[in-house]
Each structure stands twice: as structure tokens, then as C-alpha cells.
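The values are calculated or read from the model by the stated rules, or taken from the named source; none is laboratory data. Quick caveat: nothing in here was measured; it's all calculated off a predicted structure. Cβ coordinates were reconstructed from backbone atoms using ideal geometry, including for glycine residues, and neighbour counts include every protein chain displayed. The accessibility values were calculated without ligands, DNA or RNA, using every heavy atom of the protein model including side chains. Shrake-Rupley method; radii C 1.70, N 1.55, O 1.52, S 1.80 Å.
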Amino acid sequence: MEIASIGIVGAGQMGNGIAHVCALAGYDVMVTDVSQDALDAARVLITKNLDRQVSREKISQDDRDAALARISMTSTLIDCAKSDLIIEAATEREAVKQAIFEDLVPHLAPQTILTSNTSSISITRLGSRTDRPHKFMGFHFMNPVPVMQLVELIRGIATDEETFSACRTVVDRLGKQSAHAEDFPAFIVNRILMPMINEAVYTLYEGVGTITSIDTSMKLGANHPMGPLELADFIGLDTCLAIMNVLHDGLADTKYRPCPLLVKYVEAGWLGRKTQRGFYDYRGENGPVPTR
């Protein structure tokens, strides 16, 4: 099927980035969120990011204006049900995602494709709660969406070839690179990345190194652009913990046990950049300061 319109559920960090790149690629985009404040903030951020691309001569002013004109926003979930493709980008909690799909299904056209931007949860299980597991798959963008080139495409056990091909065509039109991952916990990127971050937290927890020494070691010793603890703050410590729990529960291997220190930070509400405190404190005027 040919996809002309895309509905995006969730206006947060991932949702607004997905809306940005889809609108810029010529798709009509409908963004929905339960919070009007989140929708307003998303509109401001998308505009700011498009303006930055204009100033850097990545896109033209006409491209920027056309992209903004293609984006509509609503706080009513079923308003996006008429879209050809729906990308769920809500919080990384399975119950929340299942509830969204259950509310959408009665209002969808038979040909509508449902996808989830989940970074770890079973696509087969999510799809089984809908009326179209054959038209359901994982559509996992990387953060920040306008910058990162990879999109993981994950088939559930029932996903048909037409659905997979349609989603791969969307990725191509966005100017991004797709990678096919099988439907196992955390897929490819996070199956490798999150245990590394978790091990960095263990290294801190066990006193092997400080926050600064751990991040400096990985940046200068392994040529990583960001240290693992800095990256964890950027992703969100709650998201890191959720993915580690999926790995631990889904694979039943103790090597995926979340570090108790990571759990403690999440319990404290120190979730990283989005709360201004995580492994670093971002509230000062002189830049991030390690919290341990």
C-alpha cells in the first residue's frame, strides 16, 4: 500500500522528532497526546529544530514552512485513526501501549498499519492485542530522530511482507537506513547498548571509577562520542531501567540484572536530562556536575 499520512501517538522526545522527519519528507502528520502542554511544547521544539536546519543550510525556508504546514496536533487519540500508518511513541510501558492500541483499533480502516517505536517490548505480544497482527510491526527510531540515521524494523511473528515493505519504503523516503531485527528482547541496538550502560553503572556502584573517570575512559579509550553515564542521562534512566528489566525478564539471564544503583536513581526521580538530575546535575550555570 502507498502511505500518504502518518499518525504519531505521543508528543514527547521521540514523537516530536518522528513528526519532524515525516513532515519534512512530505507526509501529512497528525500528532496526538493526552497533554496539551506536551503538544504545545512539541510544536515549539519542532519549529526550533527546523529553524536550526535552515540556518545551517540543511533545508530551505520553503521546506521548513511546508513541513510545519503538514503537521496537525490533537489531544483526541482517535483523530489520528484515519492515518495510513500509525507510529505509537508513548512511554516505554507495555500496559500504556496496549491501552492505546485497544482504543485505536475500533476506529481504524482495514488497511491501516499499526507500529510501535518501542525500544525493547515484544512486537508479537503487542500485535496480538490488536485485530491486525499481520499489519503490526516495530518501527524503532533512534534519538535524536532528526540526526540519527538508523531505524530498526522489527517483524512480529505474524507480520506480513506487504507491511514490512511499506514500512521500509517509508524509512527510505525519510532518507534513513533501515536494519531488520528479529523480535527478541531489546532487538539489536539496545540488546548491545543497554548492558554496556548497566555495566558502567555497576562500575560506579562498585567503586571501580568515578562518573568522570568512567565517561572519560570510554570517550578517550574506546572513541565513544559520549560516555555511558552521560548517554544514560540523555536517554533517560527510567528508560534504561525499563529496557534492562525487559532483558532480564525476557531472557532469564542474571547478566542482565539491573544495577541496584540505577534502580536507586530512578526511585529518587533522578532520570537524567529530562529532570535536570541523573548521573550529572544539569541545574548549574557552569555545566553538568557529577552527582557522585
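Of note:
- Qualifying residue in the range 58-79 (condition: among the β-branched types (Val, Ile, Thr), out of contact with any Gly (no Cβ under 7 Å at 6 or more places or on another chain), part of a strand (DSSP E or B) and closer than 21 Å to Lys97 by Cβ): yes
- Residues in the range 141-155 that are under 17 Å from Glu88 (Cα atoms), in contact (Cβ under 8 Å) with a residue 40 or more places away in the chain and open to solvent by 10 Å² or more (accessible area, probe 1.4 Å): Met142, Asn143, Pro144.
- Near pairs, Cβ below 9 angstrom, 6+ apart or cross-chain, from the range 241-264 (touching a residue at least 60 places away in the same chain (Cβ under 8 Å) and over 18 Å from Phe187 (Cα atoms)) to any residue that is surrounded by fewer than 17 Cβ atoms within 10 Å (Cβ to Cβ) and not hydroxyl-bearing (Ser, Thr, Tyr): Cys259/Glu199; Leu261/Arg292
- For the range 131-157, a residue qualifies if it is out of contact with any helix residue (DSSP H, G or I) (no Cβ under 8 Å at 6 or more places or on another chain), of a type in the set (A, V, I, L, M, F, W, C) and under 16 Å from Ile188 (Cβ atoms), and exactly one does: Met148.
- When Ile87 is tested against (1) open to solvent by 30 Å² or more (accessible area, probe 1.4 Å); (2) in a strand (DSSP E or B), exactly one condition is not met: (1).
- Members of the range 272-285 that are part of a loop (DSSP other than H, G, I, E, B), surrounded by fewer than 17 Cβ atoms within 10 Å (Cβ to Cβ) and not basic (Lys, Arg): Gln276, Tyr282, Gly284, Glu285
- Residue match in the range 124-135 (condition: closer than 30 Å to Asp233 by Cβ, crowded, with 23+ Cβ neighbours inside 10 Å and at pLDDT 95 or above): yes
- Boolean, Gly269 is assigned to a loop (DSSP other than H, G, I, E, B), modelled with pLDDT of 95 or more, at negative phi and not hydrophobic (A, V, I, L, M, F, W, C): no
- Here the helices (runs of 4 or more DSSP H) wholly within the range 156-230 that include at least 2 residues being within 21 Å of Phe141 (Cβ to Cβ) and touching a residue at least 40 places away in the same chain (Cβ under 8 Å) are 161-173, 189-205.
- From the list Met194, Met226, the lone residue that is surrounded by 22 or more Cβ atoms within 10 Å (Cβ to Cβ) and within 20 Å of the chain's Cα centre (by Cα) is Met194.
- Any hit, the range 175-191, residues being over 16 Å from the mean Cα position of the chain (by Cα) and over 30 Å from Cys22 (Cα atoms): no
- Among the residues of the range 177-190, the one identified as of a type in the set (D, E, K, R) and surrounded by 18 or more Cβ atoms within 10 Å (Cβ to Cβ) is Asp183.
- Flag if Ile214 is open to solvent by less than 30 Å² (accessible area, probe 1.4 Å) and modelled with pLDDT of 95 or more: yes
- Taken together, the residues in the range 116-144 that are assigned to a loop (DSSP other than H, G, I, E, B) and of a type in the set (Lys, Arg) amount to 2.
- When Arg43, Arg64, Arg70 are checked against the criterion of being without any contact (Cβ under 8 Å) to a residue 60 or more places away in the chain, over 22 Å from the mean Cα position of the chain (by Cα) and within 14 Å of Ala23 (Cβ to Cβ), a single residue qualifies: Arg64.
- Apart from one condition, Val34 fits all of (1) among the β-branched types (Val, Ile, Thr); (2) touching a residue at least 24 places away in the same chain (Cβ under 8 Å); (3) open to solvent by 70 Å² or more (accessible area, probe 1.4 Å); (4) outside any loop (DSSP other than H, G, I, E, B); the exception is (4).
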